[in-house]
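Asks: Have a look at the structure that comes next, please.
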Amino acid sequence: MDTTQTKNHPTAATTHQAVEIEFNPRQQQHLETLITRYTQRTKTSKQLAQKYRHVFANNRGAVGFNLLLKEMFYPILTERSLGSRMWDVDGNEYIDLTGGYGIHLCGYNPPFIKKAIAQQLEHGIQSGPQAALAGEVAELISELTGMERVAFCSVGTEAIMLALRTARAATNRHKIALFSGSYHGIFDGTLVKAQTSDSNHPTGIPEYPGVTPNTAEDVLVLEYGSPESLEIIKIYQQELAAVLVEPVQQHRLGFQPTVFIHQLRQLTQTLGIALIFDEMNTGFRIHPGGAQAWFGVTADIATYGKIVGGGMPLAAVAGKAIYLDTIDGGMWNYGDMSSPDVPTTWSGTSYCRHSFSLAAARALLQYLKVQGSTLQDKLNQTTSQFIDRMNIYFDKENLPIQLSNFGSFFNVNLLETSEFLQDPTFFIGLQLIFKHMISRGVLMPKGDGFFSQAHTPQDIDFIVQTVKDSVNALREGGFLNT
């Protein structure tokens, strides 16, 4: 697929402006019927959302809000999960495609992780003193990724913060460069967008309220995959501590610029700028060695999260010793005069090496080590076959929808040249596809999905048929038609 012809974030648009859309009677009847069916099926989720809204500040109650769909705007609250399935508070069973936003590579509650957590629970929950498993888990991450040293954090945002801090500490420079369209967590220092279209001066400004202009000033926002971006990096080489990159951007999975990634690696290496790979989504999912192994590129620093904790909160910063040594002063030995001799920055939180997380991580990493790349290869192939089936169907139905994937992570794109995009009700219909899917037993609240090792061929057949049934129902209701 030519990704230059697609529109990203197709389900994120529209809020109160949607009230200006006028539905014909057929569409209005379909919408009212769907709202009734959906809200009756998931009534407890809706009741609890309303009950606790005054006290529970939850961004899932705001992002993508659409006044026309207000009565269905609440998260599905789940009670239990197993394998590829989830059950909500109303007892509805779903084939799940959220995957914890990429966390559960092996499915929900796999026996080997459940056993590891149960065994650790018997030994208690220790915080404060060093957990005994930390060194072993660090060694496993190093072995699978090829990185020299490893440090732990609790969540991905912390890992990004620490990676940038170590790069700045090691280089004694302050600016970083990142790419438009990338996502690196909720750290102020990465919630930045380009201020101007002047490509030679890509000064950053806050992307959201609450991020200060001073924070954004140290960030250059470049265009991913553009040769001009490499030239800008050269211009700012004396100020740049690091270039932070999602090797494949999570909302642009069809764009996989292998040549650019290799050029970026060569340039940053030549200029002494740290290349940081954000592998939150790609690490251990696309390949045991992550995107670095997939593209044949070794970054200076990489950040990992989601999968590595086996479902428990855990993230990691891994990289070359020259950068990671700024955390603890570097290597030294007992029995001689050696000592930490690298100036250190600050790192660490109370739960960054939690015993439960480390137990789950060890079980997962040992499992992945035994599997080799077989697990990922099979899962990548399964996902690509699913993508092909769906894209053939959308093309046959003359719908401007295309799925893209990077391994077992996939998302929805729209063909920008389609006449459908001139009809504002099309975007409503697109959002309603996901509501129909949920009402039919497939949990995919928005346009991103993940397959796990637990998904069976029968699950995938069911998902495909659910999408087709949802589209057919919407077309009968007057949506998704030219």
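Asks: Using the Kirkwood radius over Cα pairs, work out the Stokes-Einstein diffusion coefficient for region 102-195 at 20 °C and 1.002 mPa s, in µm²/s as a whole number.
Replies: Working: Rh = 16.7 Å.
D = 128 µm²/s.
Asks: Output the direction-averaged projected area (hull surface divided by four) of the convex hull of the alpha-carbon atoms of the chain, in nm².
Replies: 24.4
Asks: Now for a different question. Binning at 5 Å from 0, report for region 114-372 what percent of all alpha-carbon pair distances ends up in each bin.
Replies: Taking all Cα pairs of region 114-372, the binned fractions are 1, 6, 13, 17, 19, 16, 12, 8, 4, 2, 1, 0 percent.
Asks: If you don't mind, there's one more thing I want to ask. In the chain, which helices (entire DSSP H runs) extend 18 Å or more along their own long axis, judged by Cα positions, while averaging at least -1.0 on the Kyte-Doolittle scale?
Replies: 156-171, 258-271, 355-371, 374-396, 424-439, 457-476
Asks: Determine, for His174, His54, His354, His251, the number of other Cβ atoms within 10 Å of each Cβ, and report the residues in order from fewest to most. Before the final figure, lay out each step's value.
Replies: Working: His174 11, His54 7, His354 24, His251 19.
Lowest to highest Cβ neighbour count: His54, His174, His251, His354.
Asks: When the gyration tensor of region 334-388 is built from Cα positions, what are the square roots of 5 times its three eigenvalues, in whole Å, from largest to smallest?
Replies: That gives 39, 16, 15 Å for the three semi-axes.
Asks: Report Rg (one decimal) and Dmax (nearest whole number) for region 275-424, counting Cα atoms only, units Å.
Replies: For region 275-424, the Cα radius of gyration and maximum Cα-Cα distance read 21.3, 75 Å.
Asks: Give the peptides 222-229, 390-397, 207-214 in descending order of average Cβ contacts within 10 Å, highest first.
Replies: The most tightly packed comes first, giving 222-229, 390-397, 207-214.
Asks: Now, a different point. Over its Cα atoms, what ratio of radius of gyration to 2.2 N^0.38 Å does region 422-482 give? Intermediate results must be reported in sequence, preceding the final value.
Replies: Numbers: Rg = 12.6 Å, N = 61, 2.2 N^0.38 = 10.5 Å.
My calculation over the Cα atoms of region 422-482 gives 1.20.
Asks: Using 0.36 nm per residue, how much length does the chain from Leu82 to Gln28 gain when fully extended, once their Cα-Cα distance is taken away? Mind dumping the intermediate values first?
Replies: On the way: separation 54, 0.36 × 54 = 19.44 nm, distance 3.75 nm.
That works out to 15.7 nm of additional length.
Asks: For Lys446, which lysines qualify as cross-link partners when the Cα separation must be under 29 Å and same-chain residues fewer than eight apart are set aside?
Replies: Lys7, Lys43, Lys46, Lys51, Lys70, Lys114, Lys193, Lys306, Lys378, Lys396, Lys435, Lys468
Asks: Contour minus end-to-end for Thr374 and Asn214, with contour as 0.36 nm per residue of separation and end-to-end as the Cα-Cα distance?
Replies: Length difference between fully extended and current span is 52.9 nm.
Asks: On to the next question. Per DSSP H run of n ≥ 4, the term is -39500 (n - 2.57); total these for the chain, divide by its residue number, and report the mean residue ellipticity at 222 nm rounded to 500 deg cm²/dmol. Don't jump to the answer; show the numbers that get you there.
Replies: On the way: 15 runs with 188 residues, N = 482.
That calculation yields -12000 deg cm²/dmol at 222 nm.
Asks: What percentage of all Cα-Cα pairs in region 372-434 are separated by more than 19 Å?
Replies: 40
Every read-out reported here was derived from the displayed coordinates using simple, explicitly stated rules and does not represent laboratory data. Please read these numbers as outputs of a predicted model, since none were measured by experiment. Here the Cβ is made from the backbone with ideal geometry for all residues, glycine too, and neighbour counts use every protein chain on show.
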